[in-house]
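Written below as structure tokens is the structure these notes are about.
The values are calculated or read from the model by the stated rules, or taken from the named source; none is laboratory data. It should be emphasised that the depicted structure is a prediction, and the values quoted were computed from it without experimental measurement. Glycine gets a Cβ as well: all are built from the backbone with ideal geometry, and neighbour counts include every protein chain shown. The protein model used for the area step is the full one, side chains on, heavy atoms only, and it has no ligands, DNA or RNA in it. Shrake-Rupley method; radii C 1.70, N 1.55, O 1.52, S 1.80 Å.
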Amino acid sequence: MSQSQVHSGWVDEVVNKYADMVYRIAFTQMKNKADADDIFQEVFLKLCKSEVAFETDEHVKAWLISVTINTCRKSFASPWNKKRVEMPEDLEYKDQHQDFEVVPTVQSLPQKYRTVIHLFYFEDMPVADIAKALKSTVSTVTSQLSRARNLLRSKLKGGVDNV
């Protein structure tokens, strides 16, 4: 078996394992399906081209989260996105979270709060891992989570007590 076939098989496994997570993060950041699809594709193309020697599955997961968030940030900074006006569309998750009224409310938060809320609650990441993925400090992530929870509480008007 050639090196490219081994690599290709590994990439297929990674895509199968982490596709939903990458897409959810991209969708949460970009707020629309078309842009999330573009980010998804770009992230996995970067994985194919990457020469990083991944040590564990957690290393792969952290790399994918970091690359997904950074790719979204680059997209926001592009001249195309600065001049574009988004058309409204129905935002929905294609996973087990789609019935929650919280998801559209999370979508309405500023990006830095959407990111930490999504990673903490929807991806079950510990605060320390979020800080590492975002190249931030634990105290910054903790503060952002606290502020995001307060914003969610006020937007939901007490509808969810344990957010």
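For segment 28-53, give me the residue count where each residue is in a helix (DSSP H, G or I) and open to solvent by 10 Å² or more (accessible area, probe 1.4 Å).
Residues that pass the stated criteria total 13.
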Q: Considering (1) crowded, with 17+ Cβ neighbours inside 10 Å; (2) modelled with pLDDT under 90; (3) assigned to a helix (DSSP H, G or I), say which one F76 fails and leave the rest.
A: (1)
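I'd like the full set of residues that are of a type in the set (A, V, I, L, M, F, W, C) and either in contact with a Phe, Trp or Tyr (Cβ under 8 Å, 6 or more places away or on another chain) or buried (at least 17 other Cβ atoms within 10 Å of the Cβ) (or both), limited to segment 117-128.
I117, L119, F120, F122, M125, V127
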Q | Pick from segment 129-146, criterion open to solvent by less than 60 Å² (accessible area, probe 1.4 Å) and free of Cβ contacts under 8 Å to residues at least 12 places away in the same chain, ranking: farthest from K74 (Cα to Cα) | A | S146
